[in-house]
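Report on one structure; see the data block that follows.
The values are calculated or read from the model by the stated rules, or taken from the named source; none is laboratory data. Note that the structure is a prediction, hence the values are computed from the model and not measured. For neighbour counting, all protein chains shown are included, and Cβ atoms are generated from backbone atoms with ideal geometry for every residue, glycine included.
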Amino acid sequence: MVLGVDPQARRISLGLKQIEANPWHQLADTYPIGSKLTGKVRNLTEFGAFVEVEEGIDGLIHISDMSWSKRLKHPSEVLKKGDEVETMVLNVDPDNQRLSLGLKQLATDIWDEFFENNQVGSIVEGKVMRITNFGAFVELAEGIEGLIHVSEFDDKGGQEKVELKVDEVTSMKIIKLSPEERKIGLSIRALKSDNYEADWDSYGEGAGGGSGSSQVTLGDHFKDQS
């Protein structure tokens, strides 16, 4: 194809690629959104990894699309140059020659799995990761955290607050689940309340039957539980 003519210099500029189909214009048909493809990692940057999917076509796996659970500081924590990697096509932009790929989309979303296996009222165990002035964030599984609001600490009759410490492992009850926001509300107070009610019911059953049961006091019962 003739690209330009310079009569004074007696030069004609020709182009070969211009008569060939632009591979980017065919990309959306070749790799529709949601399809899987395998490519080789060509380069790593702070914001992601460039993957060659075919000659002349590179796609980008953004660092935020590499893992559901890990908070990556650099793509090298997951990938290295030369790796063969299977990815999912997230977006194709032929005009700007951009191909967005995802790695974590091929794995199970750990948040979805957690919400499927737990419900409000479930008793869970977790490790305190950090404490703020409004509550404590607890790791329930790798990459999944819930919040114990200060109002949901065990107040022991209003006289004393539980003092949680970072790295402490504790049990609590799920009182709120928000899959859309990926938020989990937790409570130690609700768990303690359940234990108290169970003790109360147990006391009622013990006091209601058999001779001599009238001699057992509520204080005696809870003293035995300590």
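How many residues does the stretch 154-182 hold that are modelled with pLDDT of 85 or more and either hydroxyl-bearing (Ser, Thr, Tyr) or within 18 Å of MET129 (Cα to Cα) (or both)? Working first, answer last.
Step one: of the stretch 154-182, the residues modelled with pLDDT of 85 or more are 164-182.
After this cut, where a residue has to be either hydroxyl-bearing (Ser, Thr, Tyr) or within 18 Å of MET129 (Cα to Cα) (or both) as well, the list is 164-174, 178, 182.
The qualifying residues number 13.
Here is a check on your reading of the model: is VAL128 under 29 Å from LYS176 (Cβ atoms) and in contact (Cβ under 8 Å) with a residue 60 or more places away in the chain? Answer is no for this residue. Residues in the stretch 119-136 that are under 10 Å from ILE174 (Cα atoms) and crowded, with 16+ Cβ neighbours inside 10 Å: VAL124 only.
Scanning the stretch 78-89 for residues that are without any contact (Cβ under 8 Å) to a residue 40 or more places away in the chain and surrounded by fewer than 13 Cβ atoms within 10 Å (Cβ to Cβ) gives a single hit, LYS80.
Give the residue that is farthest from the chain's Cα centre (by Cα), with candidates limited to residues of the stretch 41-66 that are modelled with pLDDT under 90 and of a type in the set (Asp, Glu). Looking at the filtered set, the residue picked out is GLU55.
Conditions (1) part of a helix (DSSP H, G or I); (2) loosely packed, with under 12 Cβ neighbours inside 10 Å; (3) modelled with pLDDT of 90 or more, marked per residue:
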{"position": "GLN18", "(1), (2), (3)": "yes, yes, no"}
{"position": "LEU27", "(1), (2), (3)": "yes, no, no"}
{"position": "TRP68", "(1), (2), (3)": "no, no, no"}
{"position": "SER76", "(1), (2), (3)": "yes, no, yes"}
{"position": "ASN91", "(1), (2), (3)": "no, no, yes"}
{"position": "LEU101", "(1), (2), (3)": "no, no, yes"}
{"position": "ASP112", "(1), (2), (3)": "yes, no, no"}
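Could you please let me know if GLY82 is closer than 30 Å to THR38 by Cβ and touching a strand residue (DSSP E or B) at 6+ places or on another chain (Cβ under 9 Å)? Let's see the steps before the verdict.
On the way: closer than 30 Å to THR38 by Cβ: yes; touching a strand residue (DSSP E or B) at 6+ places or on another chain (Cβ under 9 Å): yes.
Here the answer is yes, as GLY82 does meet what is asked.
Among the small types (Gly, Ala, Ser) and in contact with a Phe, Trp or Tyr (Cβ under 8 Å, 6 or more places away or on another chain): is that true of GLY143 in this structure? Yes: the conditions hold for GLY143.
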